[in-house]
Structure formats: C-alpha cells, structure tokens
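Asker: Questions regarding the structure given below will be posed in turn.
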Amino acid sequence: MRFDDRLSTVLSTAAFDARARAVQWRQLVELIARSRGEADPALMAAAMTRIDQFRDEVPEPLRAAAARAVAGPELPAELVAAFAADRPLVSAPVLMAAELDAAGWSLVAGQISAESRALVEAARPGLLSLPFMREEPGPNERPALLTPTTGEPGEKPSISEIIDRIERVRQDRAAEVGPPPPTYSTLELTEELAEPASPAPAPVEVPNAPALFRWETGTSLAIDWVDCEPRGALIGQLLAQPGDTGEAARALAARLPFRDVELQLSEVPALGGRWRVSGVPAFEPGTGRFAGYRGIARREGSVLPPAATALRTPPALPRDSDSLRELVHEIRTPLNAIIGFAEIIDGQYLGPAHRGYRERASEIVRQARRLLDAVDDLDLAAKLQSGRATQEHARWSAIEPELRRIAQQDPALVIGAPSADPLLGLDGELARRLVGRFAEAVLATATPGEQIAVSANPEAGRFLVVLTRPRQTLFAGETELLDPSFAIVSDQDGSLGFGFSLRLLRGLAGLAGGALAIEPQRFVLSLPLA
C-alpha cells in the first residue's frame, strides 16, 4: 500500500470515542512524520486539520511520547508547527531537533505558543526571525502578552518592557493555577545550605550586589522569574544545557532536588562571579503534574542572611502515615496491573508474540518490580511511623539466609562467620528487608571482579552489619552519597540510584530504631538488640 493510501485509509476511519481519536491522532502524526513533506497536499492538509482537531482530547503524556518518538531534523514544518503550539513538555523534543528553512520557521513562528517561544529563544537564540511581539497572536498565546501598551505601532519594545510583560504573564499564570503546592520552599531549602558539606571559602563582600536570589522555572526548565535585578540577564537561562550529564542534568531528568551546582554569570557585572544553585521540583496541587523548579542561588563565599538559617526543613515523610499508606496503595494497584499484562506478553499466554515485544515486556516487568519493591519499603515506613508494624523479634541466624541468597546470585559478596547469634530488637521480616536492601544496593556499585566483604557482630549494645565500600564509592562523602540524585556508572538501567537507595535505607533503619553510618572504608547498618 502506497503512503498516500495509508494516510487516506486512516483519515477515512471513523473515530467515535476519545480512545479511537487518540489512536488516530498518533497514527496521523507518525504518518506525516514519515512522509518528509512528500505526501499529497490535500491529504496532508486534511491530516493536519485532524491532528489539530483531536489534539486536546489526547492526554498530554501521550502527546509528549509521540513528540519524542518522531522528533528529528527532517520533520515536516507543518507538523513542527502543530507541536510548537503545545506546551513545552510536548513541543521541546521537536523544536530542539527540527532543521527547517526560513519559510518553515516562519510557519512555526506563526503558531508557536508563548511558553514554547520562550524555550526556543533561550535554547536557540535568533532562530525565530519574527519580533518578540507580533500583531497577530498564535492560537495558544496570551493576548495580554501580544498587545503593546506603549510606543508607536511597529516600534520595537525595550528590554525593560519585555521583562515587565514576562513578569505579568508569570503572575497571571500563578493566579490561574492557584498557590504553589506544599513542597520545599526556597527559604526552607537555604537551611541546608547554611552548613555546607565541604569547607566554604572565606566570606567575601560584593558591594551593591546581591549575595542570594530566588528563582523559578516552568516546565521548560528555563528561568522565568527571579527576585533580583537585573532580571533580563537571567530570564530564559536554562538550568542545564542539552547534552549535559552532570548532577543537575541527572536530577532534572528524574525530577529530583539538586544542590550547590556551579553557575557562571560573568557576562553580567552586577551578578559576575561563581554562584551555587540549588532547587527542588514543584507540582500542581490539583493534578500532581510537574510544574517546574524553584530554588535559590548564592554567591560562592557569601554569608547567608540569618533569617534564612532559622527555618527548618520539612520531614522526609508526611506526618500523616495513613495518607502515605493510601498513596502507596494507589501506586501499587496500577503497578501490579502493569506487571500482570507484561507477564502475559512475555509468557505468550494468549498466543505467540514477537521476540522484540517479549523482550520489552520482560524489561517492563523488571523495572516495575524494582519500583514495587521501593513502594513496599514506603508502605513499611508508614507502618513503622504509625506503630502498626508487627514486633516478632528474630535471631540473627534467621536473617543470615537472606545474605546467603544474595551471595548465590552475586559471588562478589563474601560472608564472614558471625561471632554470636543474638536476639534482635526488631521484627524479623523488617530485619530481613533492611539487610537485603543494604547488601543489594552496595553490590550494585561494585566493579567486575571486586569482592565486597560483609560481617555481622554485636558491639556496644548494638548489632552491626558491616559492608566494605566499593571502590567507586570511595571518592564521595556522606552528603553526596545520600543525595537522591547520586548514581554510580555501574548502576543498572532502571535502578533507583545508589543515593536514593541509601537514603531510603537510612530512613527505614531510623524508624526501626537502627541507623546507617558511612565510614571512610565501610558502610555500617546498626540494628537494635532485644
């Protein structure tokens, strides 16, 4: 069947419900993407009309997945323009990969949304040849942003006018979505920064220049608000450049907090020098949808305001353990369903399946089970926090088989003989989970051929499970190792990361009356004795 025939067939198919329309939208997007602009013009126009018509009925995650799948330098300008009219979460992959001629970019500029325009101007300056303010707005742009309030018709706005208009748009957007969600605030974040992990350089005085400013981004991860002057030097600055692989880039990709990332602002005299930037993700309170990042930047070597150090950071877990357990249940239910369907494909229970599908299903099962283990840990934390966990104490001899099971799967683990078999002061199932998670997390960072020794002995009224630190962890300090975004190169694809695993383990151990200590040459899990 020729390409135009396939396109005609999809267009002639009736779509009576939302699911059918979403499927047809995805089919048309893929067909137009593969056409490279060589389809019949009439069919092309009809397909683009249908794509625009169905777009709002397609969930945003599916639109974003389609954009990532078709993004490339040869994408037709009409399809690039259609994605450009969407939110940056959807449009970014297409806009960053597109390679169009002047006419193509002119078409895109006529339809692009305000948020996507800001993303393009920040990441690919000068690409859109039209002025920032246009007489005719695009379909998704805010009229308030496009209507000049000062100057003669056709007069180019000044930088200060542009910044003022951006600020008004940001305030309008904040009024629409309501107050920010109850996550880490930028002021609370500075409490951690008051005690840096490494010795700070001597304080410096910078006359007539800020030592600390706060910032926010939207979903495009480009700064769209700051509380200091000059704003124009910072608006549009990306938190991480395309291709970055550093700590900030990893944290942004995983929607995790980051801290003390270096930022150079030497081109701005008032903000010149080295800055340390820290941020936390923000989510919309009603939908839980990612809304961007908010954080602070402090000049390296400057002294933080005393008011910033007086605030405390929020607890790692919600105070209401019932709410946490309800959330765990809401996560576990779809995860189990995903695992079940993937196992049906992998096991070919309903008939033969292509090897590629089976491999993909097997990978989905592996990653979903890994995530399910973390969810079970959170459920256990909620039980401990509420006092509902069982307390059937067990001896070490009942826990040690968990280590031997792991050693059978990974010969890198070398188990030493315990000197005693005491009764532990916590539930046996909890002890097995803690010890197993501890060993698996550390082993995941070992290099090929490296051996990790484990010993377990009572000491000073506690029972210590000790693992030698793998070579790849020796360069990092305690603060870095417990950062949720910290990862080791040998971490398996789909793993939750070594920093996340250690932090979760430390929290569980603390709730159970134990502790996790990080020493120069070893990791020590301390468990209570009965």
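Any read-out appearing in this document is the output of simple, stated calculations on the displayed coordinates, not a laboratory observation. Source: prediction; values computed, not measured. Here the Cβ positions follow ideal geometry from the backbone for every residue, glycine too, while neighbour counts run over all protein chains shown.
Asker: Sequence gap at least 6, Cα distance under 8 Å: using those rules, report the relative contact order of segment 393-528 to the nearest whole percent.
Answerer: The normalised contact order for segment 393-528 reaches 24 percent.
Asker: Take each of the peptides 518-526, 333-341, 500-508, average the number of other beta-carbon atoms within 10 Å over its residues, and list them starting from the highest.
Answerer: Answer by packing, highest mean first, reads 500-508, 518-526, 333-341.
Asker: Provide the gained length on full extension for the span I344 to T13, in nm with one decimal, where the gain is 0.36 nm per separating residue minus the Cα-Cα distance.
Answerer: In short, 116.2 nm is gained.
Asker: Given a Förster distance of 35 Å, report the FRET efficiency between A69 and R405 from their Cβ-Cβ distance, rounded to the nearest 0.05.
Answerer: 0.30
Asker: How high is the FRET efficiency from A20 to R255, r the C-beta distance, R0 22 Å, rounded to 0.05?
Answerer: Computed FRET efficiency for A20 and R255: 0.10.
Asker: Assuming R0 = 35 Å, what is the FRET efficiency of D376 and L62, from their Cβ-Cβ distance, to the nearest 0.05?
Answerer: E(calc), rounded to 0.05, equals 0.75.
Asker: Give me the one-decimal nm value for the distance between modelled label points at R360 and S397, 7 Å along each residue's Cα-to-Cβ direction.
Answerer: 5.2
Asker: Now for a separate question. Packing-wise, with mean Cβ within 10 Å as the measure, how do 50-59, 218-227 rank, highest first?
Answerer: So the peptides 50-59, 218-227, ranked by packing, come out 218-227, 50-59.
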